[in-house]
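Since the structure comes first, as structure tokens, the remarks are kept for the end.
The values are calculated or read from the model by the stated rules, or taken from the named source; none is laboratory data. This is a predicted model, so every value here is computed, not measured. Please note: Cβ atoms are built from the backbone with ideal geometry, for glycine as well, and neighbour counts cover all protein chains shown.
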Amino acid sequence: MIIEEYMIWIWLSVFVITVVAEAATQDFVSIWFAIGSLIAMAICYFAPFYVEIIVFAVVSLLSLALTRPLVKKLMDRSERFTNSDEFVGKKVVVEKTISKFSDGEVKINGIIYNAILPEIENKDIEKGSVVEIVALKGNKIIVKKTEESVGEIENV
């Protein structure tokens, strides 16, 4: 048959198209078909074209089924750290009184941030008190009062 003479070029074309499609996306979507086309291209001189198509389909689907869950797990980055995470644990001075019903303010690295109390805390924290940053909630900083004085902390 005449098609068997051109199968190496067809498989090479499939390989190039799938690699270009893979390079154009951020997720792994077509790399498995590139692997299948390479294997099919490797056997194109020894097997008829219908065997090559079966080998392409089987290798592509097997590589997809065996490696996709692993690749998906490795690519998942649900926990993202930012430079604001460095605030947690830092001790700062209250610039504006923090109460259960109104936000206060703290200054970190020369920038004023809104500060709130943890949900279980009921006592107000007065201006000038030293607090420790325990968490970030949206654009607000959750703080708790410490027993330290202003002279005992760094970077105030």
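Starting from segment 85-113, keep only residues that are in the same structural domain as residue 135 (by TED's automatic domain parsing), then list their pairs with residues that are hydrophobic (A, V, I, L, M, F, W, C) and part of a helix (DSSP H, G or I) whose Cβ atoms are within a distance under 7 Å, requiring at least 6 positions of separation or different chains.
Cβ pairs passing all conditions: 93/150; 108/87.
If you scan segment 125-149, which residues turn out to be more than 28 Å from the chain's Cα centre (by Cα), part of a loop (DSSP other than H, G, I, E, B) and surrounded by fewer than 17 Cβ atoms within 10 Å (Cβ to Cβ)?
Within segment 125-149, 126, 127, 128, 146, 147, 148, 149 qualify.
Which condition breaks for residue 65 when tested against (1) over 25 Å from residue 3 (Cβ atoms); (2) of a type in the set (Gly, Ala, Ser); (3) part of a loop (DSSP other than H, G, I, E, B)?
(3)
Of all residues in segment 13-34, count the ones that are of a type in the set (A, V, I, L, M, F, W, C) and within 15 Å of residue 53 (Cβ to Cβ).
Result for segment 13-34: 3.
Please tell me if residue 67 is farther than 30 Å from residue 28 by Cβ, surrounded by 13 or more Cβ atoms within 10 Å (Cβ to Cβ), of a type in the set (Ser, Thr, Tyr) and at pLDDT below 90.
Answer is no for this residue.
With the condition kept exactly as written, say whether any residue in segment 83-103 is farther than 30 Å from residue 129 by Cα, at pLDDT 85 or above and touching an Asp or Glu at 6+ places or on another chain (Cβ under 7 Å).
no
Tell me which residues, restricted to segment 1-48, are surrounded by fewer than 20 Cβ atoms within 10 Å (Cβ to Cβ), touching a residue at least 12 places away in the same chain (Cβ under 8 Å) and among the aromatic types (Phe, Trp, Tyr).
Of everything in segment 1-48, those that are surrounded by fewer than 20 Cβ atoms within 10 Å (Cβ to Cβ), touching a residue at least 12 places away in the same chain (Cβ under 8 Å) and among the aromatic types (Phe, Trp, Tyr) turn out to be 15, 28, 45.
Restricting to segment 1-59, count the residues that are over 30 Å from residue 73 (Cα atoms), of a type in the set (Ser, Thr, Tyr) and outside any helix (DSSP H, G or I).
1
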